[in-house]
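Heads up: the structure comes next, in structure tokens.
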Amino acid sequence: MTLYILKRLGQALVAMFVVALAVFLLIRWAPGDPARLMLPETASKEEVEALRVRLGLDRPLPVQFGWFLKDLVNLDLGTSFFYNRPVAEIIGLHFPRTALLGGVSLVLSLVIGIPLGIIAAVKEGRLADFVAMGFAVIGQSVPIFWLGFMLVLVFSIKFHWFPTSGTGTWQHLVLPATTLSAFTMALISRLVRSGMLDILGEDYIRTARAKGLSEALVILRHGFRNLMIPVVTVVGMSVGVLLAGSVVTEAVFAWPGVGLMIMTAVSARDYPLIQAFTLFVAFVVICVNLIVDLLYVYLDPRIRL
Amino acid sequence: MLDNRKVISERKKKIQRILRNPRIVWGGLVIVVLLFGAVFAPYLSSKDPLKQNLLSRLMAPQGFSGPHLLGTDSLGRDIFSRILYGARISLTVGFLTVIISGVIGVMLGLFAGYYKGKTDSILSRAADIQLSIPVIIMAIVLLAMVGPSVFNIIMVMAISRWMLYFRLVRSLVFSLMASPMIDAARVIGVSRRRLFVKHLLANLWTPIIVVTTQQMAQIILLEATLSFLGVGIPPSVPSWGMMVSQGRNYIETAWWVITFPGLAIFVATLAINFVGDGLRDFLDPRRRF
Amino acid sequence: MSATVLEIFSIPVAVSEAEKKGFIRLSLIEVIDLKTCFHTEDGVVRAVDGVSFTIEKEKTLGVVGESGCGKSVAALSIMGLIPSPPGRIESGQILYHENRDCIDLLTLDPKGRDMRSIRGRKIAMIFQEPMTSLNPVFTIGKQIIEAIVIHQRLSKKEARGKAIDMLQAVGIPSPGERIDDYPHQLSGGMRQRAMIAMALSCHPSLLIADEPTTALDVTIQAQVLDLMNDLRAQFKAAILFITHDLGVIAQMADEVTVMYLGRIVEHASVTEIFDHPRHPYTLGLMKSIPSLTMSKRERLIPIQGVVPELWEIPRGCGFEPRCPHAMKLCREQSPLLKEVAPLHRVACWLDSSG
């Protein structure tokens, strides 16, 4: 088992390495002078030269890459010219806000999605199933930004229950979180349903019933415990989905997280920030996948050996 | 004892069953309507979707009583005709993307499944890594670098989607290759090309179709989102996502500018998802939805 | 040559000789005219089509038949484990005799508390595939203890002790350690022994075994069968043993019931059925087994034809399409079970002596 864990850790590091390499090469191969790209247009010739030396653009590629990795580990990836501060600081400032929004959305999606999926599976083919899956299909078909605006239209403008944008109080969180969680809630309930259906068809469920266990115990004890494995998978997937969705949601609600940040960076051609953000996202995703795989070891005894 | 007549009537029965599935029927109906609207747009609406008329900006929807069925936007353009023309863009982009990513993904999946070994490991790792990166982020970054245009958006989306086809085809090919049927074919000496086409692909096309419908829906959503964010289809071309983005400042005063384009996206995606679900129901009846 | 009153009215009923003479109640379970069907997209499948048999206390009843003949469905009907949307028990009675009481299990709600207190406690069942029949994420100890605790009021420690005793009784070495193993850590034979331990942990009066050794190696199979015979004597349980393997039947059963297409075609004691098989299907089964005393030239004689689809069951005798002795009558009417010798019943028009 320890071998497995070490193997996974190694794979994660390799993945991170590959992503860093890809980003590194992308900047170097894009048209134009990399140093020029990494500085605002107002930079002077001397500044550009200084950066060229610092990045080692006159050195052979492997050396450059080595310096690049060193910078990466030190979290020194340049200065955003839009915000005029070190990139790491900007991301560090914006990310917690996205994490808050994403976290609340994830919890909401799980709290509603899992029970919905289980009920749909247990009552397969009956009305509850159709209704639940009807909601799920709708949730996966609604464009997030449109949903956001519609919610704003109804609950902010018409009813004045919630503010239209910004942060501050919990009321500011309600509409964005609801918007963001729609898709993942639908996704989770669908996957829980199909996972549960698979489980309920397994022989050990029949054995559990044959022992005289009540249906509730069969589902909640035997079924649920095996459901944890696909649920963990779904949660891992959801992180990526939520990150993507937050870009849109933050745009709609002017929520000052990394979504808004990257959009601004893109329109300002703020390459240092774009580059750093890409690496950051890759890092988050790789970490999440690693955690999911390690959780599997805990959840599924068959892997342990 | 199977005779041809029995096989043919089995197929007929299957098709009948497909057509009886309510989701496929309703979803299919909506799609047909959309296609109709997209193709016959110039006949259905006399208004030029690009024509700006600042005198009639932000007019409320007039239904059938006035010239502007769904109202006008901030530049006086008729919303209804913009939606119709927007359908052309969205459906075309979606279709082309699915085809391109499908072809790439299926081919790579076939190679990985057939040749296994190194080819497979490299391709799989690449797919895994790419699969983890949230599509939107990648799309935004790439599009930021190459600039928005219809061609670019199709390529970017195709590149971000091939992995799903790849994974599916790869695992199916693995299990097919292990089957005695393929061994038998190879023993007879079937050429590689024939093996690919007749034996492998023939068994793959049903799941590929199901995945394609799912992908189509997601791609329409993705394109709309990217256009909304401004990195998708350029503003000169009418697209639903862009329409929503352009209307956001008028949400309080002219709700229709945002609502209708978004509704179009929703309905289109929903219809395609319905059809996809219905098809999957039917092809794998044990596991619905 | 004894026809019961009920047989005159064409309701096949299985009643043992001893009972007919008014002796002690020997029967534990009486299945009377059970009909279980499944509603599928392709039609109604009559999995069990009017089946009656008796399981006597502390005896082993073997049920033989090909896959799909309804033997498993009959067993699941007794347990109340027929999945309800597609499946339905249409009619019949399943009488369970305990002491002087008798209760029709089919009148109980399968998910209700009454049935659940019988299931696992009075009647237990083991299945064919021990790997998939045990939950992979729980230790075998946990699963056995669960069976104990559900039905008996024991402390955790007591239950664990009992579980270890059971593992010992089924011949699992170092039970104190193995109890904390996960199913995938045990071999196939061990797993099935653990399943047996779990099933017998509440000392049921009936153990239903649905092809328990089919998935095991032949040598292991022999060990498990011996174990089951020992345990039956030890725990004083009756066994309903379902299999398609006549060799296993010869080893395990006291009485044998042969099923085909959801109906019983023959019933007799094990010696009687091997010595004097009457029904053409039974004869066919016997002939298609290779034996050590066969000469090299003798060919195995398989039964002609294939089992028809279950939704196309013929109106007359189910076996008629494949029967070498089929008559016109066989196609029109389904034969009834008639007693052709003491305790030997056959459902065939060829045996009109009765």
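The values are calculated or read from the model by the stated rules, or taken from the named source; none is laboratory data. Everything numeric in this text was worked out from a predicted model, so none of it was measured. Cβ atoms come from the backbone with ideal geometry, glycine included; neighbour counts cover every protein chain shown.
Going through region B:216-244 one residue at a time, which ones are more than 8 Å from chain A (Cβ to nearest Cβ) and hydroxyl-bearing (Ser, Thr, Tyr)?
First, the residues of region B:216-244 that are more than 8 Å from chain A (Cβ to nearest Cβ): B:216, B:218-220, B:222-223, B:226-227, B:232-240, B:242-243.
Of everything in region B:216-244, those that are more than 8 Å from chain A (Cβ to nearest Cβ) and hydroxyl-bearing (Ser, Thr, Tyr) turn out to be B:SER227, B:SER236, B:SER239.
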Original post:
For region C:170-235, which helices (runs of 4 or more DSSP H) that fit wholly inside it have 2 or more residues that are over 22 Å from the mean Cα position of the chain (by Cα)?
Top reply: C:175-178
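Being away from chain A (no Cβ under 14 Å) and more than 30 Å from B:SER81 (Cβ to Cβ) narrows it down to one residue among B:ALA158, B:ALA184; which is it?
Numbers: B:ALA158 fails: more than 30 Å from B:SER81 (Cβ to Cβ).
Selected residue: B:ALA184, the only one of B:ALA158, B:ALA184 that is away from chain A (no Cβ under 14 Å) and more than 30 Å from B:SER81 (Cβ to Cβ).
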Subject >> Residues that are closer than 21 Å to A:ILE144 by Cβ, of a type outside the set (A, V, I, L, M) and buried (at least 17 other Cβ atoms within 10 Å of the Cβ), drawn from region A:69-116 >> reply: A:HIS94, A:PHE95, A:ARG97, A:THR98, A:GLY102, A:SER105, A:SER109, A:GLY113
Original post:
Hey, does region B:199-206 have a residue that's modelled with pLDDT under 75, aromatic (Phe, Trp, Tyr) and either surrounded by 12 or more Cβ atoms within 10 Å (Cβ to Cβ) or within 21 Å of B:ARG280 (Cβ to Cβ) (or both)?
Top reply: no
Subject >> Lone qualifier among A:LEU100, A:LEU75, A:LEU37, A:LEU55 - being modelled with pLDDT of 80 or more, out of contact with any Cys (no Cβ under 6 Å at 6 or more places or on another chain) and under 23 Å from A:PHE283 (Cβ atoms) >> reply: A:LEU100
Original post:
In the set C:ILE123, C:ILE145, C:ILE150, which member is of a type in the set (Val, Ile, Thr), more than 8 Å from chain A (Cβ to nearest Cβ), in contact with a helix residue (DSSP H, G or I) (Cβ under 9 Å, 6 or more places away or on another chain) and within 30 Å of A:TYR298 (Cα to Cα)?
Top reply: C:ILE145
**OP:** For region A:253-277, enumerate the residues that are within 18 Å of the chain's Cα centre (by Cα), within 30 Å of A:VAL192 (Cβ to Cβ) and part of a helix (DSSP H, G or I).
**Re:** A:VAL258, A:GLY259
Original post:
Of the residues C:LEU81, C:LEU76, which is within 30 Å of C:ASP49 (Cα to Cα), part of a loop (DSSP other than H, G, I, E, B) and modelled with pLDDT of 90 or more?
Top reply: C:LEU81
**OP:** Being within 11 Å of chain B (Cβ to nearest Cβ) and at pLDDT 90 or above is the filter here, so list the residues in region A:152-191 that pass it.
**Re:** A:PHE183, A:ALA186, A:SER189, A:ARG190, A:LEU191
Original post:
Only one residue in A:GLY139, A:GLY78, A:GLY125 is of a type outside the set (Phe, Trp, Tyr) and under 29 Å from B:GLY262 (Cα atoms). Which one?
Top reply: A:GLY139
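If you take the residues of region A:207-242 that are part of a helix (DSSP H, G or I) and touching a Gly at 6+ places or on another chain (Cβ under 7 Å), which of them is farthest from the other protein chains (Cβ to nearest Cβ)? Spell out the reasoning first.
Filtering region A:207-242 for residues part of a helix (DSSP H, G or I) gives A:207-210, A:215-242.
From what is left, the residues that are touching a Gly at 6+ places or on another chain (Cβ under 7 Å) are A:210, A:227, A:230, A:242.
Working: A:ALA210: 5, A:LEU227: 10, A:PRO230: 13, A:LEU242: 9 Å.
That would be A:PRO230.
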Original post:
Restricting to region A:253-300, what's the tally of residues that are free of Cβ contacts under 8 Å to residues at least 12 places away in the same chain and either in contact with a helix residue (DSSP H, G or I) (Cβ under 7 Å, 6 or more places away or on another chain) or more than 9 Å from every other protein chain (Cβ to nearest Cβ) (or both)?
Top reply: 2
Subject >> Selection count, region A:125-150, where residues are more than 8 Å from every other protein chain (Cβ to nearest Cβ) and more than 21 Å from the chain's Cα centre (by Cα) >> reply: 9
**OP:** Exactly one condition in (1) more than 14 Å from every other protein chain (Cβ to nearest Cβ); (2) under 17 Å from C:PRO212 (Cα atoms); (3) surrounded by fewer than 23 Cβ atoms within 10 Å (Cβ to Cβ) is not met by C:GLY70; state its number.
**Re:** (3)
Original post:
Do we have any residue at all in region B:104-114 that's under 28 Å from A:CYS287 (Cβ atoms), at pLDDT 80 or above and of a type in the set (A, V, I, L, M, F, W, C)?
Top reply: yes
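Under the condition of being over 30 Å from C:SER72 (Cβ atoms) and aromatic (Phe, Trp, Tyr), which residue from region A:161-208 is farthest from the chain's Cα centre (by Cα)? Break it down into steps so the answer makes sense when it comes.
Within region A:161-208, the first condition is being over 30 Å from C:SER72 (Cβ atoms), and the residues that meet it are A:161-192.
Filter once more, so that each one left must be aromatic (Phe, Trp, Tyr): A:161-162, A:170, A:183.
Working: A:TRP161: 29, A:PHE162: 26, A:TRP170: 22, A:PHE183: 13 Å.
Out of the qualifying residues, it is A:TRP161.
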Subject >> Residue among A:VAL266, A:VAL252, A:VAL292 that is modelled with pLDDT of 85 or more and closer than 30 Å to A:HIS172 by Cα >> reply: A:VAL252
**OP:** Check whether at least one residue in region B:191-208 is in contact (Cβ under 8 Å) with a residue 40 or more places away in the chain and within 14 Å of chain A (Cβ to nearest Cβ), and report yes or no.
**Re:** no
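Assess whether A:GLY201 counts as being more than 30 Å from B:GLU223 (Cα to Cα), among the small types (Gly, Ala, Ser), more than 14 Å from chain B (Cβ to nearest Cβ) and surrounded by fewer than 17 Cβ atoms within 10 Å (Cβ to Cβ). Give the derivation first.
Details: more than 30 Å from B:GLU223 (Cα to Cα): yes; among the small types (Gly, Ala, Ser): yes; more than 14 Å from chain B (Cβ to nearest Cβ): no; surrounded by fewer than 17 Cβ atoms within 10 Å (Cβ to Cβ): yes.
No; evaluated as a whole, the condition is false for this residue.
Would you tally the residues in region B:245-283 being part of a loop (DSSP other than H, G, I, E, B), at the interface with chain A (Cβ under 8 Å from one of its Cβ atoms) and either touching a residue at least 24 places away in the same chain (Cβ under 8 Å) or among the aliphatic types (A, V, I, L, M) (or both)?
Here is the first cut: in region B:245-283, the residues part of a loop (DSSP other than H, G, I, E, B) are B:251-254.
Narrowing the set further to residues that are at the interface with chain A (Cβ under 8 Å from one of its Cβ atoms) leaves B:251-252.
Pick out the ones that are also either touching a residue at least 24 places away in the same chain (Cβ under 8 Å) or among the aliphatic types (A, V, I, L, M) (or both) and you get B:251.
Final tally of qualifying residues: 1.
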Original post:
Filter region B:86-101 for residues that are surrounded by 22 or more Cβ atoms within 10 Å (Cβ to Cβ) and not aliphatic (A, V, I, L, M); which is farthest from B:SER227 (Cα to Cα)?
Top reply: B:SER101
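Can you work out which of the residues in region B:228-240 that are part of a helix (DSSP H, G or I) and in contact (Cβ under 8 Å) with a residue 40 or more places away in the chain is surrounded by the most Cβ atoms within 10 Å (Cβ to Cβ)? Spell out how you get there, then give the answer.
Taking region B:228-240 and keeping what is part of a helix (DSSP H, G or I), we get B:228-229, B:240.
Subset that is in contact (Cβ under 8 Å) with a residue 40 or more places away in the chain: B:229, B:240.
Details: B:LEU229: 24, B:TRP240: 29.
That would be B:TRP240.
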**OP:** Take A:VAL107 and decide whether it is under 15 Å from the mean Cα position of the chain (by Cα), free of Cβ contacts under 8 Å to residues at least 40 places away in the same chain and farther than 30 Å from A:ASP76 by Cα.
**Re:** yes
